[in-house]
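Each remark here refers to the structure printed beneath this line.
The values are calculated or read from the model by the stated rules, or taken from the named source; none is laboratory data. The model shown is predicted, which means the values in this text are computed figures rather than measured ones. Every residue, glycine as well, gets a Cβ built from its backbone with ideal geometry; the counts of neighbours run over all protein chains shown.
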Amino acid sequence: MSTQDYAAIVVAALDVSIAAYYCTKLIRREAHPRIATWLIFELGVLMSLAAYFTSHNHSIVKAALNVTDAIVVTTILASLLFVERRQGIRFTRNEQLCLLISGISLIAWAATKTPWVAVAGFQVVMSVAYIPTIENVWRWKPGRPPEPIWSWGINALAALISVGIDLTGQHHDYLAMLYPLRACTFCLIVVALLVRWERKNKAGAPMSAVR
């Protein structure tokens, strides 16, 4: 196997470990993610995957993160729905807006059946998907953060490796690179906010200090 193949295997292994760790945190009630983020992720990864593989010159290796993400996101969403089934599902106004944007992008893709429309639209959707989580970890309060920092950190690492798979290849697939590059950027933002959360916990800062 080539170096790219080994790197793709590492990406897949990291992604699966993230799912196992995240689901464990969910079941133990040690994480309280926003379900809107994972609903939009589910829509985004499936449609991004479909769009990529209907385009020319696609590669299962270069799209390793996208492929494993489809499995991981579905697993996490199913676990989250199971855990939250008794409490019901509620969305904030911002989350409703994010879901609306996702729906419009889905309709645009379904109407045009054009790969580049799907890729561009769902990169926007996947970016929007992080907003509920970023909003959730921005609003600090004393106690355990609502998201496990290690899962987001490992996800950022997997995305970075996935970018490297294409950069080290003879032919750069910028379409495939766009997916992990976006994932790495937003995961690092979430990690930074979680580090901020932990620092405020240690400092004992009042809630009013972050508003």
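Of everything in region 126-179 that is over 16 Å from the mean Cα position of the chain (by Cα) and in a helix (DSSP H, G or I), the residue that is modelled with the highest pLDDT is W138. Entry remark, region 39-85: residues being among the β-branched types (V, I, T) and at pLDDT 80 or above number 8 in total.
Condition first: surrounded by 17 or more Cβ atoms within 10 Å (Cβ to Cβ) and either free of Cβ contacts under 8 Å to residues at least 40 places away in the same chain or out of contact with any Phe, Trp or Tyr (no Cβ under 7 Å at 6 or more places or on another chain) (or both). Now tell me which residues in region 135-148 satisfy that. If the condition is that a residue be surrounded by 17 or more Cβ atoms within 10 Å (Cβ to Cβ) and either free of Cβ contacts under 8 Å to residues at least 40 places away in the same chain or out of contact with any Phe, Trp or Tyr (no Cβ under 7 Å at 6 or more places or on another chain) (or both), then E135, N136, P146, E147 are the ones that fit.
Exactly one residue among R182, R196 is over 30 Å from I104 (Cβ atoms), modelled with pLDDT of 85 or more and in a helix (DSSP H, G or I), and that residue is R196.
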